[in-house]
Amino acid sequence: MFASLFGKPEKKNDFELSVEDKKQLLSIARSALELYINENSFPKYKETDINTPNQNKVGAFVTLYKNDELRGCIGHIESDNPLYKTIQSLTISSATKDYRFKSVHQDELPEIEIEISVLTPMKKISSIDQIEIGRHGIYIKKGYQTGTFLPHVATKTDWTLEEFLGKCARDKAHIGWDGWKDADLYTYEAMKFSESDFNH
């Protein structure tokens, strides 16, 4: 309430990222990727040098592309670490621990593009009518089985809502196409940005 008295109404999301915040995260990701692949070491930062929003403890995904083709993607829906540290570790994991791909090689570094998705906190939903394709990512939980799709997955593939849910349940949570029907469903939003957004 006090914020609104000074002309700053409360925001829907817990935080926002400015252009400078996004550029800093991409720079941190690029440094982590190159230093780890080239020298097997990690960049170190003073927290006083990190923009305040980039110290929030929120989930994120880091996706690597090579010639517009997926080259690695690892993420956490939630995190107990500051965002900039999460981005560091996810970048390295995307380059070396995505089981679908071989580790990124030094020769590939100039061709790799980094994309970051910073997630808002999850919200449990009671109806799939609350899911907005293109805006919401989904997280499905049934017992110990979980699976997620980022918001842009559905728009890239032109899936219907039923396909979005069915494929996530079957391919990510491994509970069958209709497994989402008796699972816990959550939504979240993602702020997605990549190096190409700022390379003009």
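Hand me the chymotrypsin sites (Phe, Trp or Tyr not before Pro) from the range 114-176 located in a DSSP loop with no more than 13 other Cβ atoms within 10 Å, in residue order please.
144
If you stretched the chain out fully between residue 178 and residue 130, how much longer would it get, using 0.36 nm times the residue separation minus the C-alpha to C-alpha distance?
Fully extending the segment from residue 178 to residue 130 adds 15.5 nm.
In whole Å, largest first, what are the principal axis extents of the Cα atoms in the chain?
Projected onto the principal axes, the Cα atoms of the chain cover 53, 47, 33 Å.
Please state, rounded to one decimal and in Å, the Kirkwood hydrodynamic radius that the range 123-188 gives when every pair of distinct Cα atoms enters the mean of 1/r.
Kirkwood radius, the range 123-188: 11.3 Å.
Within the chain, which is the longest segment that contains none of the trypsin sites (Lys or Arg not before Pro) sitting in a DSSP loop with at most 15 other Cβ atoms within 10 Å?
It runs 136-200.
What residue among 29, 169, 183 shows peak mean-square fluctuation when the chain is described by a Gaussian network model with Cα springs under 10 Å?
The residue that fluctuates most here is 183.
Separation of the range 97-130 and the range 77-91 by C-alpha centroid, Å?
So the separation of the two Cα centres works out to 12 Å.
Want the number for residue 42 to residue 171: 0.36 nm per residue separation, take away the alpha-carbon distance, what's left?
Here the segment from residue 42 to residue 171 would lengthen by 43.1 nm.
Could you give the longest part of the chain that holds none of the GluC sites (Glu not before Pro) found in DSSP loops with at most 16 neighbouring Cβ atoms within 10 Å?
Longest gap between qualifying sites, sites excluded: 133-200.
What 222 nm value per residue comes from the helices of the chain, counting each DSSP H run with n ≥ 4 as -39,500 (n - 2.57) and dividing by all residues, nearest 500 deg cm²/dmol?
Result for the chain: -8000 deg cm²/dmol, rounded to the nearest 500.
Between 171, 184, 49, which gets the highest mean-square fluctuation from a Gaussian network model of the chain, Cα cutoff 10 Å?
Of 171, 184, 49, the Gaussian network model singles out 49 as fluctuating most.
Do me a favour and compute the ellipsoid semi-axes for the range 19-120 from its Cα gyration tensor, root of five times each eigenvalue, largest one first, whole Å.
One finds semi-axes of 21, 15, 12 Å for the range 19-120.
Kindly flag which residue pairs out of 97/124; 97/123; 124/156; 85/123; 85/192 have an alpha-carbon separation exceeding 27 Å in this structure.
Beyond 27 Å between Cα atoms: 97/124; 97/123.
Can you compute the FRET efficiency between residue 107 and residue 52 using 1/(1 + (r/R0)^6), with r the Cβ-Cβ distance and R0 = 45 Å? Round to the nearest 0.05.
Efficiency, from the Cβ-Cβ distance: 0.75.
How large is ³J(HN,Hα), in whole Hz, for each residue of the range 175-184 in order, when computed from phi with the Karplus curve 6.51 cos²θ - 1.76 cosθ + 1.60 and θ = phi - 60°, using x for Gly and Pro?
Computed from phi, the couplings for the range 175-184 are 10, x, 3, 9, x, 5, 5, 10, 10, 7 Hz.
Do you know the relative contact order of the range 120-200, to the nearest whole percent, from alpha carbon pairs under 8 angstrom that are 6+ apart?
Here the relative contact order equals 39 percent.
Most mobile of 120, 96, 155 per a Gaussian network model of the chain (Cα springs, under 10 Å)?
155
Since every read-out is calculated from the coordinates, none of them should be taken as a lab result. The model shown is predicted, which means the values in this text are computed figures rather than measured ones. All Cβ positions, glycine included, derive from the backbone under ideal geometry; neighbour counts span all protein chains shown.
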